[in-house]
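Scroll down for the structure; my scribbles are underneath it.
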Amino acid sequence: MRQESGKLLQQTLEHIGLTFISLLVAILIGVPLGIYITRHTRAAGAVLGTAGVLQTIPSIALLGFMIPLLGIGPLPAITALFLYALLPIIRNTYTGINGVDPLVKEAAVAMGMTRWQRLSKVDLPLAFPVIMAGIRTATVINVGVGTLAAYIAAGGLGEFIFGGIALNNTNMILAGAIPAALLAILLDFLLSLVQRMGRRKRRTALWVLPWVFLLLSSFYMLPLGYNSRLLAGFTPEFMGRSDGDIGLRTVYGLKIRTVVISDAVMYKAAYEKKLDVISGYSTDGRLKTYDLLTLEDDKKIFPPYYAAPVIRKEVLEKYPMLGPVLNKLAGRINDSIMTELNYKVEHIGQTPEKCARDFLAEQGLYKAPAPAVEGTIRLGSKIFPEQYILINMYAMLIRGYTGLQVDTKTGLGGTKICFEALVNNKIDMYPEYTGTALLAILQPAKEDVRRLGGDRDSVYNYVKARFVKEYDLAWLDPIGFNNAYALMMRRSQAQQLGIHSISDLVSYLKNNKL
Amino acid sequence: MIAVNNITKTFDGYTAVDNVSFTVEEGETLVLLGRSGSGKTTLLKMINRLIEPSSGEIRIEGRRTQDGPPEELRRKIGYVFQNTGLFPHYTVAGNIGIVPRLLGWDKEKIHRRACSLMEKLGLPATYLPSYPHQLSGGQQQRVGLARALAADPPILLMDEPFGALDPITRTSLQKDFKELDELKNKTVILVTHDVQEAFELADRICLMDKGRIIQAGKPQDLLFHPADEYVKDFFGDQRFLLEVKMMDPSDHVALINAFNHFKNKGN
């Protein structure tokens, strides 16, 4: 608990730092740019347009664009936040100065003020409340978007939020979300005080504020842990799991410098040598794309993650033909087939639909949609290609063999969101993994997990029994592949260092300390 | 002395001021009189380079205004706006002190100057720390006048300075303005569309229409020797009042002429 609160403090400080570094840069560039376009109105459209377009890019996508250019870590995160903060600051500077009474501006000219005197004595003081409002908006945006920095190894409160979503841990989500919300409200309030200050107080504030911003910026420390020769990038989920980072440290005694990163960019970062060790999924198509090697889990800390459809029992009883139809996939897809299918979608760019259809046709399972009958099945999936492929296969099977309608809700953020949707009768079925169900949803006592011992069938049976009893949900037969966690390295590097298993990695790090 | 030589100003093909020339002697009050759109304000603003002329030149004390930085020129010319143009974020004292501060006067001198101007313009010194919005329209206009006079510039430009005031306030301010000893040696150019005001304040009047000067001269010249029908018509219904005002009270012949003129027009 103490460790967690230390972590919370560190992440909050990181978050404040991230927010203010980018805000400071955005003010230093945005205010002069806003002033510039009040004098060069022809440039105004272009500048405001560009900043506006930047603003409309979804934040995750913007971070995605940053990675090829700036890699991972603080630099792309700060750059992305800076770009988001830019528009409100430029626009408010521009409208603030343009909003100054033209008569007052003309009077300033007529008094014999120079350009600079007009700007500093008339335009800026009179536009100050509007500019400040822009800075407030930018601050709130930055605190919010700043949570996404956790996706690209830049730290901040997002680590808790995304870890919590992935781990189905509400407290962990709140531990990140509540401080972030409070931070936004508090900073907005403090800046509103500055905005409403009288002229004399304001002058003092303008001297003090830059130093305060600089001080707050310095809160951002690079996320460091152990100093080691190799750098690991783990997902927020992996960081919080007993079979993840915790297991690596306790069972293997792994000591490696670690950053938190989204799985969406992790593989590429490993390929681009920004990271050396990552926590991947063993059937991920990007293993093939980026030529990564799975390290052998010689001490068996990663439990099996066999995928199988989880369905509401009520639906299964209402449409008895559904069970056998969904089980047609059972045992048909092993690890290498799944990796291959994922590769086709992720790397070659096939649509999940085509990929699913080709596979079913090849297996002689594909049937054109049967005549429609009454009833609709709602299918859900998490947001990654493997789930999209599976969900397409199931949709085709249901349409082909039963004539039931299918409504797919793809892209339910993570385990928590999928599972909640199922329990709350928003969807009828989604593919789940035995290990996830065990450790993220059921979360049994440590002894029970140890007793199950990573055995495929015992984990499956345990999960199946408890799901029926506690949630009225049925597990159908496993599809065949085991999408377990795995540590991965670039094949070339692993071979060069002679690392084949996690134990090899541990001993390499021990023998090659910095 | 201000000499305006062949000044023209065009905006996108529209000629606002068309080849205008005139001179203003030191200590003289010249009124630019005309309807709205006649180019009088544009002409005024070219004198302190708020607007740059398209062609022609203006000389003050023989020196071309185009030579040298406009800021220095403007600091030597007081300017009064119709709607005050006071800085809303400055106090009354701050507003009055703007030009002296730009000229680098010390604080003590600026304060003394502000106090003395307040007194001369009939404003209590207790208003010095107030902000413009706390004052009435007439008081604001007095502060605007004080601001223009603060650095004791030899020239004062006034753009419809009493135009936005109610008739009673206007009359009282005009009266105070006329009696202000500060103005004794100043060259004043005042823009107005108000005939009464022009005759009240002017040493000489330039009557303008469509960017040109139609007639320039003493008020009585315009009244009694109008250059053309336009000038004649311009005074319209106010002619009788103006004539009476301009007249030597002992000149009975003129009085009867004026009366007859008025009567005939009435018929």
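Of note:
- Residue within segment A:221-228 that is surrounded by fewer than 22 Cβ atoms within 10 Å (Cβ to Cβ), in a helix (DSSP H, G or I) and small (Gly, Ala, Ser) present: no
- Residue check, residue B:226 free of Cβ contacts under 8 Å to residues at least 24 places away in the same chain, out of contact with any His (no Cβ under 9 Å at 6 or more places or on another chain) and not in a helix (DSSP H, G or I): yes
- Count of segment A:357-386 residues, restricted to those that are assigned to a helix (DSSP H, G or I) and crowded, with 22+ Cβ neighbours inside 10 Å, is 2.
- Residue A:84, sole failed condition from (1) crowded, with 20+ Cβ neighbours inside 10 Å; (2) more than 15 Å from residue A:143 (Cα to Cα); (3) within 19 Å of the chain's Cα centre (by Cα); (4) not small (Gly, Ala, Ser): (2)
- Filtered residues of segment B:42-61 (kept if assigned to a loop (DSSP other than H, G, I, E, B), away from chain A (no Cβ under 12 Å) and in contact (Cβ under 8 Å) with a residue 60 or more places away in the chain): B:61
- Considering segment A:387-430, the residues that are among the hydroxyl-bearing types (Ser, Thr, Tyr) and part of a strand (DSSP E or B) include one that is surrounded by the most Cβ atoms within 10 Å (Cβ to Cβ), namely A:430.
- Positions within segment B:78-95 being hydrophobic (A, V, I, L, M, F, W, C) and either facing chain A (nearest Cβ under 8 Å) or over 20 Å from the mean Cα position of the chain (by Cα) (or both), in sequence order: B:81, B:86, B:87, B:92, B:93
- Among the residues of segment A:93-102, those that are surrounded by fewer than 21 Cβ atoms within 10 Å (Cβ to Cβ) and assigned to a helix (DSSP H, G or I) comprise A:95, A:98, A:102.
- The number of residues in segment B:177-223 being without any contact (Cβ under 8 Å) to a residue 12 or more places away in the chain and either under 16 Å from the mean Cα position of the chain (by Cα) or within 16 Å of residue B:163 (Cβ to Cβ) (or both) comes to 1.
- Near pairs, Cβ below 9 angstrom, 6+ apart or cross-chain, from segment B:101-118 (without any contact (Cβ under 8 Å) to a residue 60 or more places away in the chain and within 14 Å of chain A (Cβ to nearest Cβ)) to any residue that is surrounded by 14 or more Cβ atoms within 10 Å (Cβ to Cβ) and among the acidic types (Asp, Glu): B:102/B:71
- Residue in segment A:128-140 that is closer than 16 Å to residue A:95 by Cα, out of contact with any Leu (no Cβ under 7 Å at 6 or more places or on another chain) and of a type in the set (Phe, Trp, Tyr) present: yes
- Top-ranked residue in segment A:235-259 [being of a type in the set (Val, Ile, Thr) and within 17 Å of residue A:440 (Cβ to Cβ); ranked as modelled with the lowest pLDDT]: A:246
- Of all residues in segment B:66-77 being within 17 Å of residue B:188 (Cα to Cα) and free of Cβ contacts under 8 Å to residues at least 40 places away in the same chain, the one that is farthest from the other protein chains (Cβ to nearest Cβ): B:73
- Restricting the search to helices (runs of 4 or more DSSP H) fully inside segment A:1-71 and requiring at least 1 residues that are touching a Gly at 6+ places or on another chain (Cβ under 9 Å) and modelled with pLDDT of 85 or more gives A:2-39, A:41-56.
- Among the residues making up segment B:1-26, those that are assigned to a loop (DSSP other than H, G, I, E, B) and either over 15 Å from the mean Cα position of the chain (by Cα) or closer than 18 Å to residue B:198 by Cβ (or both) are B:1, B:12, B:13, B:25.
- Subset of segment B:132-154 (residues that are surrounded by 21 or more Cβ atoms within 10 Å (Cβ to Cβ) and aliphatic (A, V, I, L, M)): B:143, B:145, B:146, B:148, B:149, B:150, B:151
- Index of the failed condition, residue A:137 passing every other in (1) in contact (Cβ under 8 Å) with a residue 60 or more places away in the chain; (2) β-branched (Val, Ile, Thr); (3) over 30 Å from residue B:159 (Cβ atoms): (1)
- Residue within segment A:84-96 that is closer than 20 Å to residue A:28 by Cα and within 14 Å of chain B (Cβ to nearest Cβ) present: yes
- Scan of segment A:228-279 for residues that are of a type in the set (Ser, Thr, Tyr), within 15 Å of residue A:159 (Cβ to Cβ) and more than 15 Å from the chain's Cα centre (by Cα), ordered by number: A:258
- Any hit, segment B:145-166, residues being away from chain A (no Cβ under 14 Å), farther than 21 Å from residue B:41 by Cβ and assigned to a helix (DSSP H, G or I): no
The values are calculated or read from the model by the stated rules, or taken from the named source; none is laboratory data. All values reported here derive from a predicted model rather than from experimental measurement. As a convention, Cβ positions derive from the backbone with ideal geometry for all residues, glycine included, and neighbour counts pool all protein chains shown.
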